[in-house]
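Below is one structure, written out as C-alpha cells; the observations come after it.
Computed from the coordinates by the stated procedures, all read-outs in this text should not be read as laboratory data. The model shown is predicted, which means the values in this text are computed figures rather than measured ones. Methodologically, a virtual Cβ is constructed for each residue, glycine included, from the backbone with ideal geometry; neighbour enumeration extends over all protein chains shown.
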Amino acid sequence: MPKFRTKTLCLVSVLAALYVPLSIFAAVQMGNVRISFGSLPVVISALLLGPVEAVIVAMTGEFFKQLLTYGVTATTILYLIPPALRGLVIGLAAVYARKHGRPLEQREIACFAVCICAAVLTTTGNTLVNWLDSILYHYYTFALIFGDALYRFVVGMINAVVMAALAMPLTALLRKQFRYML
C-alpha cells in the first residue's frame, strides 16, 4: 500500500465526495442507461494520483451513491467493482505514461483510448452485476438486462470521451496547482 501524505488523502477525500453529487444530481436517466459526470473524479484521480487512489475514490463514492440511492442490499458491494475497474485501468495507464516521459493527459489520443477501454470494462462490469442482481432478486429477463446493451456501450464510450475531454485540462491545472505535492 502506498504511503499517503495528508494532502493526497485530502484530495482523494474531496474527489470521492464530489463523486456522489456528480453521479446523482448531474445525471440523466434514460431507461436502463445513465449518463452522469460521476466518473469525472475517478478519471481525474487516476490521471493525477494513480490506480490505488482512483480505486479508493471510485469505491468510496460509489458506496455512498448506492447507500443514498438504494440503501444496503446483498449486491451493494458488487456495484463498487465496475467504477473501481475504471479507476484501475486509467490509473495503471497513467503510471505507465508518466514512467515513459509524459503524463497521460498530455497524450490526448492515448488518454481518449484508455478512457474508452475503461468505459467498455465498466459497462461490462455493470451489465454482469445487473445480471447477478436480477438473478438474486428474481426479476431477470433477457430484454431487461441485455436488450439495450449495445446502446449502453455506445453511451458509455461517448461519456468516456466527454469525461476525458474535461479531465485532461482539469488534471493539467491541478497538477500545476499541486506540483509540490504530487
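Some points to look at:
- Dipole moment magnitude, nearest 20 debye, the chain about Cα centre, only Lys, Arg, Asp, Glu C-beta charged: 800
- Sites counted here are trypsin sites (Lys or Arg not before Pro) in a DSSP loop (not H, G, I, E or B) having no more than 16 other Cβ atoms within 10 Å; the longest part of the chain that contains none of them is 6-178.
- Label point distance in nm, ARG102-LEU121, each placed 7 Å from Cα along Cα→Cβ: 2.3
- In the chain, the DSSP-assigned H stretches of four residues or longer account for a calculated mean residue ellipticity at 222 nm of -24500 deg cm²/dmol, using -39500 (n - 2.57) per stretch and the full residue count as denominator.
- Simple spin-label estimate for ILE35 and LEU150 in nanometres, 7 Å along Cα-Cβ: 1.9
- Residue (of ASN130, ALA58, GLY147) at the positive-pole extreme of the chain, dipole from beta-carbon charges: ALA58
- Loop-located chymotrypsin sites (Phe, Trp or Tyr not before Pro) in segment 1-94 (DSSP state other than H, G, I, E, B) with a sparse environment of at most 15 neighbouring Cβ atoms within 10 Å: PHE4, PHE25, TYR70.
- Karplus 3J(HN,Hα) series, Hz, for segment 38-54 with 6.51 cos²θ - 1.76 cosθ + 1.60 (x for Gly, Pro): x, 7, 4, x, 5, 5, 5, 5, 5, 5, 7, 10, x, x, 5, 5, 5
- Percent of C-alpha pairs per 10 Å bin, the chain, short to long: 10, 39, 34, 13, 3, 0
- Using the Cβ-Cβ distance between HIS138 and ARG179 with R0 set to 45 Å, the FRET efficiency works out to roughly 0.25.
- Net dipole in debye of segment 21-124 [+1 Lys, Arg Cβ; -1 Asp, Glu Cβ; about Cα centre; nearest 20]: 160
- Partners for LYS176 among aspartates and glutamates (Cα-Cα distance below 17 Å; same-chain residues under 8 apart left out): GLU105
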